[in-house]
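> Sharing a structure, written as structure tokens. Questions coming.
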Amino acid sequence: METMTVAGGGTPGQEAEVPPQVIVIGNLTIDDIVRANGTTSLRSLGGNTIYAATAARIWGVGVGVVARVGDDFPPVAMASLRDAGVDTLGIQPISGPTLRFWILYGEDGGRTFVGGTPAERGIEVAPAPSDVPAGWLEQARRPVVHVASMPLVAGPVRSRCALGRVTGTARPRHGLLPGQSRR
């Protein structure tokens with residue numbers, strides 16, 4: 001049986017009947033985590049999108065995710081997102097691997113990220129304007145849109161195209177691409 005770590009709660013197995021109040025655009029990853037004491041959590045659902053979507057779900061609002069995942073993205077992960085009440089209509093499968101990271105925790109609490117996919121994959125999986133489901137941005141009351149950090153070359157261009165009516169800029173928190181490591 002395939003297992004995956006993800007936050008729970010919500011209504012299982014359905015996309016929302018109404019467009020989400022919060023749209024999270026970013027990456028979904030599969031993370032292999034090694035804690036300082038040597039314990040591991042392998043194949044954990046991760047990525048900036050899952051954390052932002054989980055935070056919004058805590059407040060009980062409808063959340064939709066826009067992300068691209070590889071053809072190796074575990075079906076149990078998609079089911080877990082739906083079970084948590086996240087609208088997955090904006091998750092687009094594309095050929096190739098899902099972003100993967102090893103996250104190594106040190107005794108001092110610091111983290112080291114080691115990319116498990118080629119560096120260019122981070123750009124390939126950055127969401128495109130066409131990935132935002134029709135109707136999600138065409139609501140009487142505009143949704144809150146959170147554009148999570150993505151590679152510098154992909155984030156600002158794609159977020160402005162996808163959200164032409166939204167002003168401001170997307171700014172990556174860190175320039176880490178898959179295949180790179182940082183401490």
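> Taking amide H atoms as placed 1.01 Å from N in the peptide plane, list the residues 5 or more away in sequence, or in a different chain, whose amide H sits under 5 Å from that of GLY85.
Counting only residues 5 or more places away or on other chains, the set is THR11.
> Can you work out ³J(HN,Hα) from phi for every residue in segment 109-125, in order, using Karplus 6.51 cos²θ - 1.76 cosθ + 1.60 and θ = phi - 60°, giving whole Hz and x for Gly and Pro?
x, x, 10, 10, 9, 10, x, x, 10, x, 4, 5, 5, x, 7, 5, 8
> Next up: Taking segment 92-155, which trypsin sites (Lys or Arg not before Pro) meet the DSSP loop condition and have no more than 15 other C-beta atoms within 10 Å?
Passing sites in segment 92-155 are ARG141.
> Calculate the tail of P(r) for segment 22-166: the fraction of all Cα-Cα distances greater than 19 Å, expressed in %.
Value for segment 22-166 (Cα pairs over 19 Å): 53 percent.
> Here's a follow-up. Provide the percentage of antiparallel DSSP beta bridges, counting only those with both residues in segment 12-101; round to the nearest 5.
In segment 12-101, DSSP labels about 25 percent of beta bridges as antiparallel.
> Show the residues, 5+ positions off or on another chain, whose built amide H is closer than 5 Å to the amide H of GLY96.
The answer is ASP71.
Bear in mind these aren't lab numbers, they're just calculated from the coordinates by the rules spelled out. Just so it is clear, the structure is predicted and the values come from calculations on it, not from any experiment. Cβ sites come from the backbone with ideal geometry, for glycine too, and all protein chains shown count toward neighbours.
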